[in-house]
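Reviewing the structure listed below.
The values are calculated or read from the model by the stated rules, or taken from the named source; none is laboratory data. What you see is a predicted model, and the numbers here were worked out from it, not measured in a lab. Please note: Cβ atoms are built from the backbone with ideal geometry, for glycine as well, and neighbour counts cover all protein chains shown. Please note that ligands, DNA and RNA were not included when accessible areas were found on the heavy atoms of the full protein model with its side chains. Shrake-Rupley method; radii C 1.70, N 1.55, O 1.52, S 1.80 Å.
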Amino acid sequence: MTTPLYGQMMDVPLTVSSLLAHASRHFGTTEIVSKRIEGDVHRYTYRDCERRAKQLAQALMALGVEAGDRIGTLAWNGYRHLETYYGTTGFGAVCHTINPRLFPDQIAYIVNHADDRYVLFDITFAALVDVLAPQCPNVRGWIAMTDEAHMPRMSTAASSYEALLAQHDGAFDWPELDERCASNLCYTSGTTGNPKGALYSHRSTVLHAFGASLPDAMGLSARDSVLPVVPMFHVNAWGIPHAAPLTGAKLVFPGKDLDGKSLYELMEAERVTYSAGVPTVWLGLLNHLREAGVKFSTLQRTVIGGSACPPAMLKMFQEVYGVEVIHAWGMTEMSPLGTLAKLTWEQSQRSPDEQRKLREKQGHVMYGVDMKIVGDDGRDLPWDGVAFGDLHVRGPWVIDRYFRSDASPLVDGWFPTGDVATIDKDSFLNITDRSKDVIKSGGEWISSIDVENVAIAHPAVAEAACIACSHPKWTERPLLVVVKRPDADLTRDDMLAFYEGKVAKWWIPDDVVFVDELPHTATGKLQKLKLRERFRDHVLPSALDIENCPFDEKEGHALRHVKTDLS
Ligand code: ADP
């Protein structure tokens, strides 16, 4: 065997600290603005941020924290949380962001499973920490992210973040680390079973930040003022705290005030051009705009993901407020970005209607992720926009195995996402369901997302969920659960009539029920498992009259033939 000829370029490791070091050195005066839990607005620069992140690193090392140790956070989006992202990973510790909206028992499970050495928390979570501390005996200390003057009264012995930082000067060089070492840890929200940890490396985090910054991905830029509404405790705020320093974008953190009015006012005050969040948050913002009769004066683009962006929301942002919506798909196991719905030059020459349809999908993969859809037999399905199957992915920022688990989740080297999707001839992904939420009617699949999107387009509907309901003839049929807008008038028959001509007849729900609110997970997704339990005994009118089922059997089976013929 001949010796390989190696490239002769510098072997500089891709470390998370290099992102902040870059911003501090080259965008040193660019601002980071935070609405603080203490009530005021805090402003400083990337240069200040790096100095304080180094002070935190010195403080943690003085407390005995070593490379590889996990440091938990229970915090909103703010400058101290950003300092923790870098003050931990910078010397080789692991930044473990925890979702404070989970049940305390689940949080305690996560803290113990991660074996967190210290947990840093915003003072809003003082009472929560008092509940957690007795259940987490291995945590050596709890650190309140505030100064001595604002320390909350607690039963747990906690120290002050500012007091710890004040003992150090920040005169310290980030060490060179092996880029394959762990940097960040995030747990999935665990809608089924216990939460599972995705342990990112320095290399995967930096590559993801590079990918996310590309113009046809999130497209962050030094020209942007970026307000991440997506929490820093939810998959690293989709990588924005890493991509913003990489690109030199200004950062604006909303703290705990995520209602429409607070977000709008902060966006206007800080001349925000770019934002990102899940659809539920945008519902609140759009409602505020409508009620207050105001418009954005600077916002240009927003990423919407985490669950499907309803077409009605996309339309409202674009047509009424002139804001470009970038629909994105990803998951904790993918750091999280996978696909984004940005059009190519050729696609943007097509009719407005065709362009709209593409933007409603989850889009094209970014370099760094490969995807495929497979049928029950594991064979690849065609990219025709019709055949749907299990979505598998792979790439350098996709999980290889879960933290502290020996079993590999991979199938032939690919990660099965648990999503069901189509891919069309434009290579655009369209998520039709989580595999466990898909409705199997007479052996055929109905996309609950598509059925919900039609309902949400009705002016009297605030929110809707479509779930499977058992049926004696078809095994399952769709049941639509609707929350009406306040004071809106809407009957079951109105709702069903609205479906005419919008979806195949056999996709129209068999029944509609109205509720006051829908259950959500800690990350704002519809909790369909809970809904299915609640309506387990619901009797569909069609189940009582099997002979006159409201849809045609032949039409129902048409799709199966298409799928089989093409696969
Ligand atoms: P969890 O911890 O609840 O799994 P994730 O944020 O990792 O939280 O959720 C990932 C899942 O969210 C995806 O597998 C997919 O089902 C759903 N999802 C994310 N973005 C979208 C989107 N744009 N459209 C539809 N579903 C989405």
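In terms of solvent-accessible area of protein heavy atoms at a 1.4 angstrom probe, what is the ranking of K54, K473, highest value first?
K473, K54
Cα axis of helix 279-292 to longest principal axis of the chain: angle in degrees, 0 to 90, nearest 10?
Approximately 90 degrees, to the nearest ten.
With respect to the cross-link table entries K436/K528; K261/K528; K361/K530; K357/K425; K342/K440, which display a Cα-Cα separation exceeding 20 Å?
Among K436/K528; K261/K528; K361/K530; K357/K425; K342/K440, the Cα-Cα distance tops 20 Å for K261/K528; K361/K530; K342/K440.
Kindly express, to the nearest 10 degrees and within the range 0 to 90, the angle between helix 79-89's C-alpha long axis and the longest C-alpha principal axis of the chain.
Helix 79-89 sits at roughly 80 degrees to that axis.
Determine which lysines satisfy two conditions relative to K256: a Cα distance under 21 Å, and not lying fewer than 8 residues away in the same chain.
K35, K525
Over what distance in Å are the Cα centres of region 267-307 and region 427-442 separated?
Using only Cα atoms, the two centres lie 28 Å from each other.
How long are the semi-axes of the ellipsoid equivalent to region 437-558, from square roots of 5 times the Cα gyration tensor eigenvalues, in whole Å, largest first?
They are 22, 16, 13 Å, listed from largest to smallest.
Grab the other residues whose beta carbon is less than 14 angstrom from that of H288, score K and R as +1, D and E as -1, and report the net.
That works out to -2.
Which net charge results when you count Lys and Arg as +1 and Asp and Glu as -1 among the other residues whose beta-carbon is under 14 Å from that of L518?
Result for the local shell: +1.
Hey, what number do you get for the chain at 222 nm if only DSSP H runs of n ≥ 4 count, each worth -39500 (n - 2.57), divided across all residues, to the nearest 500? Write out the running numbers ahead of the final one.
Working: 17 runs with 160 residues, N = 567.
Taking each H run of at least 4 residues, the total per residue is -8000 deg cm²/dmol.
If one takes the longest principal axis of the Cα atoms in the chain, at what angle in degrees, from 0 to 90 and to the nearest 10, does the Cα axis of helix 17-26 lie?
70 degrees
Beta carbons within 10 angstrom, averaged per residue: use that to sort the peptides 292-298, 207-213, 10-16, highest first.
207-213, 10-16, 292-298
Per residue, how much accessible area does region 12-256 have with a 1.4 Å probe, in Å²?
For region 12-256, the per-residue accessible area is 35 Å².
Name the long-range amide H neighbours of R70: under 5 Å, sequence gap of 5 or more, or other chain; modelled H, no Pro or chain starts.
Amide H neighbours of R70: V94, R117.
Express in whole angstrom the spacing between the alpha-carbon centres of region 311-367 and region 65-86.
32 Å
Rounded to the nearest 20 debye, what is the charge dipole size of the chain about its Cα centre when +1 sits on each Lys and Arg Cβ and -1 on each Asp and Glu Cβ?
That gives a dipole near 660 debye.
Where Rh is the Kirkwood radius over the Cα pairs of region 344-424, the temperature 20 °C and the viscosity 1.002 mPa s, what D in µm²/s does Stokes-Einstein return?
148 µm²/s
Can you sort E83, E50 by 1.4 Å-probe accessible area, starting with the largest?
E50, E83
Below 15 angstrom from the Cβ of I107, what's the summed charge of the other residues (Lys, Arg +1; Asp, Glu -1)?
Its environment carries a net charge of -2.
What are the radius of gyration and Dmax of the chain, computed over its Cα atoms and given in Å?
Radius of gyration, then largest Cα-Cα span, for the chain: 24.5, 79 Å.
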